[in-house]
1. Output the number of residues of region 97-136 satisfying the condition of being small (Gly, Ala, Ser), crowded, with 17+ Cβ neighbours inside 10 Å and at pLDDT below 90.
2. Quick one: residue 271 ticks every box in (1) charged (D, E, K, R); (2) over 30 Å from residue 104 (Cβ atoms); (3) under 27 Å from the mean Cα position of the chain (by Cα); (4) not in a helix (DSSP H, G or I) bar one, so which box is it?
3. Contact list please: Cβ distance under 7 Å, first residue in region 200-219 and more than 11 Å from residue 236 (Cα to Cα), second residue of a type in the set (A, V, I, L, M, F, W, C) and in a loop (DSSP other than H, G, I, E, B), pairs at least six apart or on different chains.
4. For region 58-96: of the residues being more than 26 Å from the chain's Cα centre (by Cα) and crowded, with 17+ Cβ neighbours inside 10 Å, which is modelled with the lowest pLDDT?
5. Can you tell me which residue within region 176-228, out of those that are in contact with a Pro (Cβ under 7 Å, 6 or more places away or on another chain) and more than 19 Å from residue 244 (Cα to Cα), is surrounded by the most Cβ atoms within 10 Å (Cβ to Cβ)?
6. Working only within region 242-292, note down all residues that are touching a strand residue (DSSP E or B) at 6+ places or on another chain (Cβ under 8 Å) and within 30 Å of residue 85 (Cα to Cα).
7. Would region 144-154 turn up any residue that is surrounded by fewer than 18 Cβ atoms within 10 Å (Cβ to Cβ), more than 18 Å from the chain's Cα centre (by Cα) and either on the phi > 0 side of the Ramachandran plot or charged (D, E, K, R) (or both)?
Amino acid sequence: MLILFFSNAQKGVLVELRQLIAFKTVATHASFTAAATHLHLTQSAVSQQIKALEDECGVTLFDRSGRLVRLTNAGQVFLTHVERILAQVENARVEMTEMAGGARGRCRLAALPSIAAYLLPRALATFQRRYPGVEVQLMESVQAQLLEWVQQGTVDFSIVALPVHDPHLQSTALLHDEFVLVVPQDHVFAARRVVRLAELETERFVLYPKGAGGREQFIDACRQVGFDPQVVFESEDRETILGLVAAGVGITFIPRFIAHHTRTDGPVVVDIVEPRLRREVGVVWRRNRYLPQAARNLIALLEDVVRHPL
């Protein structure tokens, strides 16, 4: 049992770590019952911990008058401190575990689907051989969700498109890439080495949904040269998109590093110029949060895989 002692001019305040955990859990779920279920405790045990915490602090932390439990003004202020304290305790626990156990533990990461499918397999296979005692958890989603997971502490780091304008996040570049056009084999552009972006004005496009696959960057670039692309089909799956392109439904764009993995008997890849659509992919993590050694090892391995592609 960890007891925290806060000293002031009037008296010392003794608070147990389990009370802080109970407080944060009730605040998160807005319910004593849900918090008790999450903590595998009885509701009365959680209520007693919160009551003891309120008595020790001398303030009411929750408004219990409604159907849902709500934080009071004092509770909202207290929550910001509790979140920081619990994060520091977790950082200390992780660091001590790593010092005692070496290459063991867990690494949680998230990535854009394109990165997860084409860059991570080789890196994760190598990582597993080097660090068999580390459990790796991988999640995939769109950019906004990846950043939210980092902010919430759901993952240690995410692999996203840069730049990321958030003072709470820290990032490092992983690779520089550009988008290329993908057309059916019988398309008029299939015989070309390059096409100007403005030449795509009358084309039909098969794209990722909003927020995924660099769609916003591509559409913004099209608008800058004078047109809004005509999107006739959307899919979250890259193989589905490429299949639709091969069938003549429309054309699309993909990162160049993915184009190296496409079938030679499938759609044709053509460079886009005027302008070239470049992007940077990198790793982001919470600035003031301890990054576990296992996560740092995986990031270093990813950098090595990018520097030495097959």
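The values are calculated or read from the model by the stated rules, or taken from the named source; none is laboratory data. Just so it is clear, the model here is predicted, and its values are computed rather than measured. Note that each Cβ is placed from the backbone with ideal geometry, even for glycine, and that neighbours are counted across all protein chains shown.
1. Matching residues across region 97-136 total 3.
2. Of the numbered conditions (1) charged (D, E, K, R); (2) over 30 Å from residue 104 (Cβ atoms); (3) under 27 Å from the mean Cα position of the chain (by Cα); (4) not in a helix (DSSP H, G or I), the odd one out for residue 271 is (3).
3. Final answer for the pair search is 201/227; 217/277; 218/277.
4. 69
5. So the residue we want is 197.
6. Those that are touching a strand residue (DSSP E or B) at 6+ places or on another chain (Cβ under 8 Å) and within 30 Å of residue 85 (Cα to Cα): 282, 283, 284, 285, 286, 287, 291, 292.
7. No.
Rundown of residues vs (1) in the same structural domain as residue 159 (by TED's automatic domain parsing); (2) exposed (fewer than 15 other Cβ atoms within 10 Å of the Cβ); (3) among the charged types (D, E, K, R), yes/no style:
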position: 236; (1), (2), (3): no, yes, yes
position: 243; (1), (2), (3): no, no, no
position: 247; (1), (2), (3): no, yes, no
position: 253; (1), (2), (3): no, no, no
position: 257; (1), (2), (3): no, no, no
position: 274; (1), (2), (3): no, yes, yes
position: 301; (1), (2), (3): yes, no, no
